Structure formats: structure tokens, C-alpha cells
Ligand SMILES: [Zn+2]
């Protein structure tokens, strides 16, 4: 799946639910799509899980993590639900850092691809390109500065790092 396709899917999801205003209420988006979203007793290194049972999705998130992190987790699990529900009915996300190894099996490669896609979806739904463009146009200060990335991150309610990568991917930096 290309990131363009994933971006489209994320935007279509928001449009369908009339949820295109900042910050994106990701928990509400998931709930409107029929998913349950709840804090889960997860081991510390586990950020989130998605369980699909009788086609009903449940997203569990680690409540010990920061709000922006939890938001990203919910968006990531929603990505698995919308993009990968035919692949598996259980996703356990320890962290979103993709390991690059010189030798990885086809199974691992496949898993890494799914994680990348879920991350792309999370970024696309929390930081929709139209809204990023609009906010950037309205910004009065230097786009490349740390301050402006921080300000944008605040408006989108995401981490500064997530905002930075999104801006890079959208060719804004
Ligand atoms: Zn995942």
C-alpha cells in the first residue's frame, strides 16, 4: 500500500465522520467507527494492542504513557484495524521503532511493512495534509525553527518528533 493511498484513506475516514478540525479527536473517531477504546493493563514496553473479535475492534492503550503518545498509539491501532484486519485479529505494539537488520526473514519484512503502514496512517489521520497546509500558511514565524514545529505540534496535539517527521514527509522542511 502506498503512503498516498493511506493518506487518502485517513482523510476519507475523517471526512465521512465530519471530524476535520484541530486537534483531531482520535478516540472519538475510533469510537464513531464502532471500536472500543480503553486503558489496558499493559507491560511497560507495550504501547498498545488491537484485538478484533467478531469484527468488533478493541484498542487498548498504555495509560502510563504521555497523552500525545497515547493519541499516536490509538491512531496506529486504528490504522491496523482499517488496513490490516484481514492479516490478523491481534496486534501487540511494543514500540514503533522499526528495526533495521541486515538479515530479516520474509515474515519479518512483512511485519515491518504493516508497522510502517500503521505509522503512516497514524501520522496522516492526526496531521491531515490539508490541515497542515492551512496551519503552515497561517504561521507567522520561521517554519524551520524549533519554535514553529513546537507550536504546530501543540495545535495538532502530537509530539514534536511526530510533527517534525510529518513536515519532512510533506516536503515542508
Ligand atoms: Zn503496530
### Query
Cβ-Cβ below 6 Å, separation at least six or inter-chain, first residue in region 42-69 and in a loop (DSSP other than H, G, I, E, B), second surrounded by fewer than 18 Cβ atoms within 10 Å (Cβ to Cβ): which pairs?
45/94; 46/94; 63/39
## Note on the structure
Residue hits (region 9-27; under 14 Å from the mean Cα position of the chain (by Cα) and outside any loop (DSSP other than H, G, I, E, B)) are 9, 10, 11, 13, 14, 26, 27
### Message
Can you find a residue that is closer than 22 Å to residue 61 by Cβ, part of a helix (DSSP H, G or I) and within 15 Å of the ligand (Cβ to nearest atom) anywhere in region 83-99?
### Response
yes
### Task
Filter region 100-128 down to residues that are touching a helix residue (DSSP H, G or I) at 6+ places or on another chain (Cβ under 8 Å) and surrounded by fewer than 17 Cβ atoms within 10 Å (Cβ to Cβ) and give me whichever is modelled with the highest pLDDT.
104
### Summary
Of the residues in region 28-50, those that are within 18 Å of residue 68 (Cβ to Cβ), within 16 Å of the ligand (Cβ to nearest atom) and within 16 Å of the chain's Cα centre (by Cα) number 5
#### Entry: Test set (1) at pLDDT below 95; (2) surrounded by 12 or more Cβ atoms within 10 Å (Cβ to Cβ) - residue 41 fails condition number
(2)
### Query
Consider residue 18 against the criteria (1) farther than 19 Å from residue 114 by Cβ; (2) within 16 Å of the ligand (Cβ to nearest atom): it satisfies all of them except one. Which criterion is unmet?
(2)
### Of residues in region 51-71 being more than 16 Å from the ligand (Cβ to nearest atom) and within 17 Å of the chain's Cα centre (by Cα), the one surrounded by the most Cβ atoms within 10 Å (Cβ to Cβ)
68
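The values are calculated or read from the model by the stated rules, or taken from the named source; none is laboratory data. All figures in this text were calculated on a predicted structure; none of them were measured in a lab. Cβ sites come from the backbone with ideal geometry, for glycine too, and all protein chains shown count toward neighbours.
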